[in-house]
1. Pull out all pairs, ordered by first then second residue, where Cβ-Cβ is under 6 Å, the residues are six or more apart or on different chains, the first lies in region 34-60 and is farther than 22 Å from Q219 by Cβ and touching a residue at least 12 places away in the same chain (Cβ under 8 Å), and the second is within 15 Å of ligand 4 (Cβ to nearest atom) and of a type in the set (D, E, K, R).
2. With more than 11 Å from ligand 1 (Cβ to nearest atom), over 22 Å from A47 (Cβ atoms), at pLDDT 95 or above and not in a strand (DSSP E or B) as the only criterion, which of E173, E209 stands out?
3. Can L203 be described as touching a strand residue (DSSP E or B) at 6+ places or on another chain (Cβ under 6 Å) and at pLDDT below 85?
4. Every residue in region 39-94 that is charged (D, E, K, R), closer than 20 Å to I118 by Cα and open to solvent by 50 Å² or more (accessible area, probe 1.4 Å), please.
5. Looking only at region 10-34, count every residue that is within 15 Å of ligand 4 (Cβ to nearest atom) and either farther than 20 Å from V74 by Cα or not in a loop (DSSP other than H, G, I, E, B) (or both) and tell me the total.
6. Just the residues that are of a type in the set (D, E) and more than 14 Å from ligand 1 (Cβ to nearest atom), please, taken from region 34-79.
7. Taking region 96-123 only, how many residues are in a loop (DSSP other than H, G, I, E, B) and within 20 Å of A162 (Cα to Cα)?
8. May I ask you to list the residues in region 104-121 that are within 16 Å of ligand 4 (Cβ to nearest atom) and of a type in the set (A, V, I, L, M, F, W, C)?
Amino acid sequence: MSKPPTLRVNEVFWSIQGESTRAGLPCLFIRLTGCHLRCSYCDTEYAFHEGGRMSLDAIIERANAVAGGPWDLVELTGGEPLLQPHANTLMTMLADLGKTVLVETSGASPIDKLDPRIIRIMDLKTPGSGECDRNLLANLDHLNERDEIKFVLTSRADYEWARTMIRDHRLVERVHAILMSPVAAMKPGLEIAGTPGLAIADLAAWILEDHLPVRLQSQLHKLIWDPNARGV
Ligand SMILES: C[S@@+](CC[C@H](N)C(=O)[O-])C[C@H]1O[C@@H](n2cnc3c(N)ncnc32)[C@H](O)[C@@H]1O
Ligand SMILES: Nc1nc2[nH]cc(C(=O)O)c2c(=O)[nH]1
Ligand code: SF4
Ligand SMILES: [Mg+2]
């Protein structure tokens with residue numbers, strides 16, 4: 001008899017969604033282990049290697065336990081969740097349970113084979129991330145009007161790069177939301193790709209100056225709790 005599918009899981013937690021157009025909503029998070037990128041600013045290095053194997057049923061059981069009551073919104077994140085073959089199997093199970101399923105992905109893994117009910121929040125890696133050449137631009141053709149694209153910016157140069165991507169690929173016409181978030185240099189003294197990080201007020205001024213139809217956001221959960229805390 002074949003063994004049941006499993007996933008390497010870093011943490012399962014119940015929190016307030018801190019990013020995307022659903023920021024502010026209660027959300028169940030399933031963070032998977034492992035990533036093939038090393039973004040200069042990554043705030044979740046602990047998920048690169050820490051975690052254990054769980055069956056898909058055990059993950060859903062753990063989700064019900066940590067939520068401790070009714071829940072609808074769930075986000076698969078990581079690490080890079082799409083590196084694990086059975087991530088899509090789990091997301092399909094969650095969608096079959098009637099959940100609203102988000103996946104947070106770097107855009108460096110193909111998104112075209114996912115269950116069509118899954119909402120993709122794809123993070124196009126900026127030059128300041130140091131992983132810009134890993135973007136699979138073919139993914140842009142598979143995004144639909146429910147999906148979201150995020151640019152996490154470290155500098156003015158990143159902003160100008162994102163502005164060019166938005167215009168050249170006509171992203172406003174293709175995806176539900178374009179989100180711009182300044183890298184929050186949450187780790188004291190973190191050298192972010194050679195820049196001291198980006199003040200959100202500067203980013204706001206640039207967006208207004210350019211009349212860019214994007215949504216400015218930060219990471220709400222880092223304003224609520226310790227920015228370096230896990231499980232929130
Ligand atoms: C930890 S990653 C995991 C999912 C996936 N690997 C990705 O990069 O989208 C989740 C999100 O956090 C964002 N992020 C990571 N570090 C950040 C920081 N220091 N400031 C703002 N956003 C950050 C990433 O851009 C990503 O969109
Ligand atoms: N509260 C909270 N919201 C989030 N949205 C995306 C997250 C992520 O790490 O992918 C995240 C996270 O780590 N915590
Ligand atoms: S792709 Fe996501 S998890 Fe991987 S290093 Fe970049 S921000 Fe961190
Ligand atoms: Mg996070």
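The values are calculated or read from the model by the stated rules, or taken from the named source; none is laboratory data. Everything quoted here is computed from the prediction, not taken from an experiment. Note: ideal-geometry Cβ built from the backbone for every residue, glycine included; neighbour counts use all protein chains shown. Keep in mind that these areas ignore ligands, DNA and RNA; they rest on the heavy atoms of the full protein, side chains included. Shrake-Rupley method; radii C 1.70, N 1.55, O 1.52, S 1.80 Å.
1. Taking only residues 6 or more apart or on different chains, not a single pair turns up.
2. It is E209.
3. Answer is no for this residue.
4. Answer for region 39-94, where residues must be charged (D, E, K, R), closer than 20 Å to I118 by Cα and open to solvent by 50 Å² or more (accessible area, probe 1.4 Å): D57, D72.
5. Result for region 10-34: 13.
6. Answer for region 34-79, where residues must be of a type in the set (D, E) and more than 14 Å from ligand 1 (Cβ to nearest atom): D57, E61, D72.
7. So the answer is 4.
8. I121
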